[in-house]
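The structure appears right after this line, and notes come after that.
The values are calculated or read from the model by the stated rules, or taken from the named source; none is laboratory data. None of these values were measured; they are calculated from a predicted model. Note that each Cβ is placed from the backbone with ideal geometry, even for glycine, and that neighbours are counted across all protein chains shown. These area figures cover heavy atoms from the full protein model, side chains too; ligands, DNA and RNA do not enter into them. Shrake-Rupley method; radii C 1.70, N 1.55, O 1.52, S 1.80 Å.
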Amino acid sequence: MSKPFYLTTPIYYVNDRPHIGHTYTTVLADAVARFRRQMGEQVRFLTGTDEHGQKVEKAAAAKGIAPKALADEVVANYTDLFARMGMTHDRFIRTTDADHRETVQARFKQLLETGDIYKSEYEGLYSVSDEAFVTETQAKELQAQGLAHQLVTLKEETYFFRLSKYEKPLLEYYAAHPDFVQPDFRFNEVKRFVEGGLTDLSISRTTINWGIPVPGDEKHVVYVWFDALLNYLTGAEGAWPADLQIVGKDILRFHTIYWPAFLMAMGLPLPKTVLAHGWWLSGNDKMSKSKGNVVRPDTLLKFGNDAIRFFFLRDMQVGYDRDFSFEGFMDRLNADLANGLGNLASRSISMIQRYRNGAVPTATTLDASDAAVDQAGRAVVADFIAKAQGHDFHAALDGLWIYLRSLDAYIVQAEPWKLAKDPANDPKLDAVLCNLYRALRATAPCLASVMPELAQLLWENLGLAGKAADQRLGELAWDAPAASPVAAEPKPLFARIDKDKEMTELESAATPAPEAAPSLDVPAIREVVDADTFFKVDLRVGKILEAERVPKSDKLIKMKVDIGLEQRTIVGGIGKAYEPADLLQKLVVVVANLAPRKLMGIESHGMLLAASDNASKPYLVAPPADAQPGFLVK
Ligand code: MSP
């Protein structure tokens, strides 16, 4: 049996919840996987998570949990999402999986033995956020972006991969394999980079614990990229080399320079194609939590899985960046799915119902306009296949929609409602209805990899049995007679989105939008004061020596408080929460330089600090038992 078509996505870091950018890569890969299966190919499709490294280690430490526990928690963000979205990967790999650890250690050992990995010392600037040593130029870029705080100088004993040795072999390989990197302009970037010269690559760390230990030298862990890239081997299960590796443009170098060099060193074949897509932007800017412009798939899922898939694949031209806007999203769906295809299908099916009682007629004669639709229909399917085979769903869908729109014009021009009035027009009406049916019957299987549910609905509305996704795309019989009548009650393909309503909801939902809302009933943080202002307040440790209720008040308690330098009379509004007897000998914090004020005729010389949630009682702030009256609190 021949090897399956093996395709991979990058594996995602577990330090964040997925946003639409992450979702996009796996949607694209899923569409390719479905398409290939529909073409009759065996497919192996791998996605997963990249769980080692400093960022996870730090985030876990901040939470006081083990890194693996954090990874287990966060990985569900991806596994749940992909399950909800019906992704058809064959394995979800985690770099913490036992078989992956084995792969990494075995390959590390192999390259150590061949001399492609050697131990030495490295000193340089290291970017904590990129988890990589940076060149001087890169360091300057980071400094210019105000990101210099992410740079630290590291000197460590490290294992190097002999990347320099592969400079020439890589360039030769690129020259001999023009399809290795797509699109072309990205390939050129890669070539230029390699032509600029390659230096050996540090591939172990002693400063990090959370990683796969270097076999036989466990104070080192394997550098996270060597670990991560090898997931494609672990997950291959006999399917290596990959036919298609989809990555974002930001990780292109890792996949087209380091990765093939590692593979050459291991004596393994290289992937056939690495496809680099651009980014989804938001507000024409990179999505980032700090900018508050991150778009999460959860926000879009209510419009349906197919809606997201269609939008991603139709709107993004692979290779280029694309700005995301909710308005654009809704406009696209309304125009193409509710109006365009949805409307065309419901009109066509209801005309077949009305004029032919549901039975699909076969065209006997075609006039020029019928023949044009017939020919274009046959061509559009072939064109869709060719473009999807080149992973260009954007162009494939574009071509299909141009055709679907031409059918609207065809209906307007043919005016079937007029033709139906005179039996003499039957051959023409048959040709029109037959053409519309054939066009929709070919559209459903084409769309099965893009919108599996909608395609199936369309298929059933046409009265067809089985699955749209099971129709072999290369073998669609355009002019086969209809096996059965169209559905008597077709279901709407896509409900029109009420854009104004959605925008209003979105805006009101977006207003507070804190990632983690405080759950307490406490006032917001007060206005900023500078340190000098704060330090003007004299806070002292005090000890309550005497306490009694103020007559006729259930709230006020009069106290004598020792503040080290003197004893003060202080009146506090804590009578509902504390009994005077319970206050004796208690250590408290006193605001010692507050202007005196009279409460129910008694002059109070200070105030006690208390914590409060606005709703229940005050909680006196208590210094530790060994603090002494008179200590300054600062
Ligand atoms: N863990 C590495 C990949 C290791 S592969 C051996 C990594 N992870 S990531 O979670 O940061 O990114 C995963 C993928 O998401 C990358 O391909 C990246 O390009 C993609 N995207 C991240 N933000 C994106 C957008 N805004 N738009 C489109 N894709 C983007 O890198």
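On the given criteria, is Phe160 under 30 Å from Val14 (Cβ atoms), modelled with pLDDT of 95 or more and not in a loop (DSSP other than H, G, I, E, B)? When the stated conditions are applied, Phe160 passes them.
When residues in region 263-287 are screened for being more than 9 Å from the ligand (Cβ to nearest atom), more than 30 Å from Glu167 (Cα to Cα) and out of contact with any strand residue (DSSP E or B) (no Cβ under 7 Å at 6 or more places or on another chain), 2 of them pass. Figure legend. Inter-residue proximity from region 64-76: first residues touching a residue at least 60 places away in the same chain (Cβ under 8 Å), second residues open to solvent by 40 Å² or more (accessible area, probe 1.4 Å) and part of a helix (DSSP H, G or I), beta-carbon distance below 6 Å, spacing 6+ or different chains. Indicated pairs: Pro67/Glu57.
Name the helices (runs of 4 or more DSSP H) wholly inside region 291-385 in which the number of residues that are assigned by TED's automatic domain parsing to the domain that holds Leu454, in contact (Cβ under 8 Å) with a residue 12 or more places away in the chain and touching a helix residue (DSSP H, G or I) at 6+ places or on another chain (Cβ under 6 Å) is 2 or more.
Here the list reads 305-315, 326-333, 344-356.
Restricting attention to region 335-346, the residues that are open to solvent by less than 20 Å² (accessible area, probe 1.4 Å) and within 19 Å of His394 (Cβ to Cβ) add up to 4.
Sort through Glu167, Glu131, Glu172 and tell me the only one that's in contact (Cβ under 8 Å) with a residue 60 or more places away in the chain and closer than 19 Å to Trp259 by Cα.
Glu131
Tally the residues that are more than 10 Å from the ligand (Cβ to nearest atom) and among the aromatic types (Phe, Trp, Tyr), restricting the search to region 18-67. Counting residues in region 18-67 that are more than 10 Å from the ligand (Cβ to nearest atom) and among the aromatic types (Phe, Trp, Tyr) gives 2. State yes or no: is Val224 within 11 Å of the ligand (Cβ to nearest atom) and at pLDDT below 95? In short, yes.
Results for (1) open to solvent by 50 Å² or more (accessible area, probe 1.4 Å); (2) modelled with pLDDT of 95 or more; (3) assigned by TED's automatic domain parsing to the domain that holds Gln353, shown as yes or no for each residue.
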site	(1), (2), (3)
Pro452	no, yes, yes
Gln456	no, yes, yes
Asp470	yes, yes, yes
Glu489	yes, no, no
Glu502	no, no, no
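Residue pairs whose Cβ atoms lie under 8 Å apart, sitting 6 or more positions apart in sequence or on different chains, and linking a residue in region 241-270 that is of a type in the set (Asp, Glu) to a partner that is away from the ligand (no atom under 11 Å from the Cβ), are Asp243/Phe5; Asp243/Tyr6; Asp243/Leu7; Asp243/Pro271; Asp243/Lys272; Asp243/Thr273. If you go through region 3-51 and keep only what is assigned to a strand (DSSP E or B) and not aromatic (Phe, Trp, Tyr), you end up with Leu7, Thr8, Thr9, Pro10, Ile11, Val43, Arg44, Leu46, Thr47, Gly48, Thr49, Asp50.
Going through (1) open to solvent by 70 Å² or more (accessible area, probe 1.4 Å); (2) under 30 Å from Leu268 (Cβ atoms); (3) of a type outside the set (D, E, K, R) one by one, His89 falls short only on (1). Tell me which helices (runs of 4 or more DSSP H) are completely within region 218-267 and hold 1 or more residues being of a type in the set (Gly, Ala, Ser), surrounded by 24 or more Cβ atoms within 10 Å (Cβ to Cβ) and out of contact with any Leu (no Cβ under 6 Å at 6 or more places or on another chain), or say none if there are none. Those helices (runs of 4 or more DSSP H) span 224-229.
Mind checking which strands (runs of 3 or more DSSP E) fall wholly inside region 542-628 and carry at least 2 residues that are basic (Lys, Arg)?
557-562, 597-599
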